[in-house]
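Working notes, structure below.
The values are calculated or read from the model by the stated rules, or taken from the named source; none is laboratory data. Here the structure is a predicted model, which is why all the values come from computation and not from measurement. Cβ placement follows ideal geometry from the backbone for every residue including glycine, while neighbour counts extend to all protein chains displayed. Heavy atoms of the whole protein, side chains included, go into the accessibility calculation; ligands, DNA and RNA do not. Shrake-Rupley method; radii C 1.70, N 1.55, O 1.52, S 1.80 Å.
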Amino acid sequence: MKPLRKCFALLLALALLTGCASAFAEGDVLFWHTLEEMYRADLGELVNQYEHADQVTVEYQGRVAEILQKVLAANVQGGSELPSVFPVHSSEIKNLARDGVVENLDPYIEKYGTDLTNMNMKDVYAYEGSQYGLTWTITGISVFYNKTIAEQEGIAFPKTWDEMDEFLHKATKKNADGTTARYAMWIPGWDSYYFTWIFWNFGVVTVDEEGNSTLNSEKAAQIVAQVKGWIDEGLIMWGYGSNGSSNMRSAFWAGEAFAIFHTSSQYKNHYDNMLSRGYEVGVAVPPAGDTANTTEIFGMSLCIPAKLDESKKDDAYQLLQYLCSKDTDCAMASFTGFLANYSDAMETEAGKAFLAEYPEMANLYDHIADMTCAVQLPCYTAITDVMEEGLAQIFLENADMQATLDYMVDEIAGLYEDSL
Amino acid sequence: MSVGIGKRLKARRSAFDFLCTVPALILFAIFTYYPIAELFRISLTDWNLSRATQNYVGLKNYEWLFAGRGWSQFISSLQITGLYTLGEVALTLIFGLTLAHVFDRMTRWFNFMRVAVIMPRYILVSSTSLVFMWLYNDMYGVFNYFLSLLGLSPVRWLTSRDTALLSLILFSGWRMGGYAMLIYLSAIKGISEQYLEAAEVDGANGWQKLIRIKLPLLAPTTLFLTVTTIVSSMKVFQQVDILTQGGPYKTTMVMVYQIYKLAFEDHRLDRASAEGFIFFLILLLFTAVTMRWSNRNVSYDA
């Protein structure tokens, strides 16, 4: 019996050791991401092309805000549950860098000689002169319009605000009873980044780094009144509330909205859905105002948690560097609709092939340099709530315009004071 | 001598009884009392979720809540929570009682229908909320389709300040009505036939029997349902998160959702804890007052 027992013990020990060894070999670098289901297979392919792919575990962990909650919770627990690499939204990075949640990447950038020369938005992910994240995804607020209808009816999307009125009347279709059968424009009022361009292009400050806002200025009131007039006339739909996004998509795909404002990352989604209904999608940037021709841009960087086990940080950075490299990111842009993270990415072979397949996206790439990032404040989410609610009250509930704009400015100042 | 033995036996039995409750007390201490104590402790700090450090700041968060910017939000959320609770309790009781009378038939078909009515209570709130999100859709929803068949204008169920809270209440009433029916049904079965027969002899009709006999005898059940529904509806969260996210214009910003936003969107765990602790005290006070009142005023003799 004794030799048999020894054999059994030896086998058990070997099995355990093999199990442990394989556990260490696989999944040492845990990568949390936010990509929707339709992109995950392609992302998996990209990771598989990484030279240490066998060490990487890829996990979808919800939207970027949910991932942040999980990282912060893991931080509180001591850091043992932290991922090696995770995405951080451009509006959050400075707060996280200040509070020591994310790792300073400068030593790794130097060690591995990462070239950031042409990386878009890299300054957004820097804090006090150090880099805390590398640009992974970029999305700009874009206009998607029904190119098929535009060609059939000779409608051109306006390049400037002055051309808006004529465009809106031409692109709108009314029913016999006066209701709108097709809106010329659908502006999503549920997220501020879809409409900040309206103000920024006229020099109106939505909020600056000191909490100041000129949303109640004469200029702002003039623009808001104009938009309100178009909404009341049934030319523009101001989307708001829980069903806003799904309604806008359905209306656009059904030909009930000529143009919509959406993030560039939704391009492929609209492209495929419109194609299946016999429509082509045109891409444009929002109309220019009298002082600027910009639109809001934001995105995600990839970061390493500061509390991650020191022995894992090098491996984490190598994966991060691979995912944010020009070629990898260009490949990701081609299957998602995110904008490539290097300004010269479209000059590469992969970039040229992408633009040859989706020529409309060139309209966005031509304007990346003009796009603007919103200011980073700890209370920015609450401030955007104020803007979204205030404008919806004016546009949809007929609230007193000037009083509401004044209230919004006071609230923004109050929120800023409260966050100090 | 025998008195001494009796006393010792009684003491031993009491000690044994107490020991039997110890496991439950330990669980209570870990999962209920400790979190409450911890909630209060955090409310006295400046803990921001993204910062590793927590500094003691005394009553600063309570000052923010009662004398600062937090006050208007707190009062508004409390009012909305109160309105929501009132609506859900009323709808649940009316719906439950009505269904209990309709379904008080012990046939196979009625058994099946009872199960169908109770079912929503046991399906995930998140799943049913998603279904209702589409039913309530102002452009493509089923409810507005039916309204259009009647020649009525569409309603912005979830996006209008006038209807959003009502839509949430209707959803919750639909979820909870079947459960209330089940409780009422078992209570109705417990009412002695003698009372109803005596009333019939006196010439009482169905409505009179309901109002004069059944409802008073169902008072303990009504009280039970009222208290449990109030406590659960004051903690409403999931349907708000999915259907309205506190909007439009904060008209559905109930207390728990407001606390969640403070903690996990603004990362202000300190302020969220202060608000959470005060809310806990409000619930505690309410439950204590209700139980005391019911002990004095409700008859349990059926």
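Here A:Lys352 is the anchor, and the lysines within straight C-alpha reach of less than 30 Å, apart from those fewer than 8 places off in the same chain, are A:Lys122, A:Lys147, A:Lys159, A:Lys268, A:Lys326. Counting only protein heavy atoms and a 1.4 Å probe, chain B has 56 square angstrom of accessible area per residue. Judged by the gyration tensor of its Cα atoms, with axes a ≥ b ≥ c, segment A:33-141 is rounded; a/c sits under the 1.5 cut.
Annotation for the B:A interface, with buried accessible surface near 2600 Å², both sides summed [1.4 Å probe; non-protein components not counted].
The relative contact order of segment B:69-297 comes to 28 percent, based on Cα pairs under 8 Å that sit 6 or more residues apart. Taking chymotrypsin sites (Phe, Trp or Tyr not before Pro) as exposed when their DSSP state is a loop state and no more than 15 other Cβ atoms lie within 10 Å, the longest site-free interval of chain B runs over B:1-139. Under 20 Å from a label point set 7 Å out along the Cα-to-Cβ vector of B:Phe237, the amide N atoms of segment A:63-103 belong to A:63-77. Rounded to the nearest 500, the 222 nm mean residue ellipticity of chain B from helices alone is -22500 deg cm²/dmol, with -39,500 (n - 2.57) taken per DSSP H run of at least 4 residues.
The distance between label points at B:Trp71 and A:Asp177 comes to 5.0 nm (points 7 Å beyond Cα on the Cα→Cβ vector).
For a straight C-alpha distance cut-off of 16 angstrom, the lysines reachable from A:Lys219 (same-chain residues fewer than eight places away being disregarded) are A:Lys228.
A straight chain from B:Leu210 to B:Val142 at 0.36 nm per residue would run longer than the Cα-Cα distance by 20.9 nm.
Its relative contact order, with pairs defined as Cα atoms under 8 Å and 6+ residues apart, puts chain A at 23 percent. Scan chain A and hand back the longest stretch that contains none of the GluC sites (Glu not before Pro) lying in DSSP loops with at most 10 other Cβ atoms within 10 Å. In chain A, the maximal stretch lacking such sites is A:211-420. About the centre of its Cα atoms, segment B:69-297 shows a dipole size close to 160 debye [charges on the beta carbon of Lys, Arg (+1) and Asp, Glu (-1) only; nearest 20 debye]. The slack in the chain from A:Asp115 to A:Asn273, taken as 0.36 nm per residue of separation less the alpha-carbon distance, amounts to 53.1 nm. Counting only Cβ charges, +1 for Lys and Arg and -1 for Asp and Glu, the dipole size of the protein assembly as shown around its Cα centre is about 4780 debye.
Put a dot 7 Å past the Cα of A:Glu349, heading toward its Cβ, do the same for B:Arg292, and the two dots end up 8.2 nm apart.
Only lysine pairs 8 or more places apart or on separate chains count here, and in segment B:69-297 those with Cα atoms under 19 Å apart total 5. Could you check the spin-label model distance between A:Thr148 and A:Glu397? Points 7 Å from the Cα along Cα→Cβ, value in nm. In this crude spin-label approximation the distance works out to 3.9 nm.
Computed over neighbours whose Cβ is under 13 Å from that of A:Gly133, the net charge equals -2, Lys and Arg +1, Asp and Glu -1. With the charge dipole of the protein assembly as shown set up from +1 on Lys and Arg Cβ and -1 on Asp and Glu Cβ about the Cα centre, the Cα lying farthest toward the positive end among the listed residues A:Ala171, B:Leu39, B:Leu262 is that of B:Leu39. Helix A:401-419: angle to the longest alpha-carbon principal axis of chain A, degrees 0 to 90, nearest 10? Rounded to the nearest ten degrees, it is 20.
In chain A, helical runs assigned H by DSSP with n ≥ 4 each contribute -39500 (n - 2.57); averaged across all residues and rounded to the nearest 500, the mean residue ellipticity at 222 nm is -14000 deg cm²/dmol.
Along the charge dipole of chain B, Cβ charges K/R +1 and D/E -1, which of B:Val117, B:Leu9, B:Trp157 sits furthest on the positive end? So the residue furthest toward the plus end is B:Leu9. At full extension, B:Tyr195 and B:Leu59 could sit 43.2 nm farther apart than now, given 0.36 nm per residue minus the alpha carbon distance. If a/c stays under 1.5 just call it rounded; otherwise compare a/b with b/c (prolate if a/b is bigger, oblate if not). Do that for segment B:69-297, with a ≥ b ≥ c from the square roots of the Cα gyration tensor eigenvalues. Since a/c reaches 1.5 but b/c is at least a/b, the shape of segment B:69-297 is classed as oblate.
Legend: calculated FRET efficiency, B:Thr98 to B:Ile36, from the Cβ-Cβ distance at R0 = 35 Å, rounded to 0.05, equals 0.35.
Assuming charge only on the beta carbon of Lys and Arg (+1) and of Asp and Glu (-1), the dipole of chain A about its Cα centre is about 1520 debye to the nearest 20. The separation of segment A:107-152 from segment A:203-235, counted between C-alpha centres, amounts to 28 Å.
Since only A:Ile394, A:Ile138, A:Leu323 are under comparison, the one whose Cα sits farthest along the positive direction of the charge dipole of chain A, derived from C-beta charges on Lys, Arg, Asp and Glu, is A:Leu323.
In summary, the aspartates and glutamates within cross-link reach of B:Lys7, defined as a Cα separation below 18 angstrom excluding same-chain residues under 8 places away, comprise B:Asp17.
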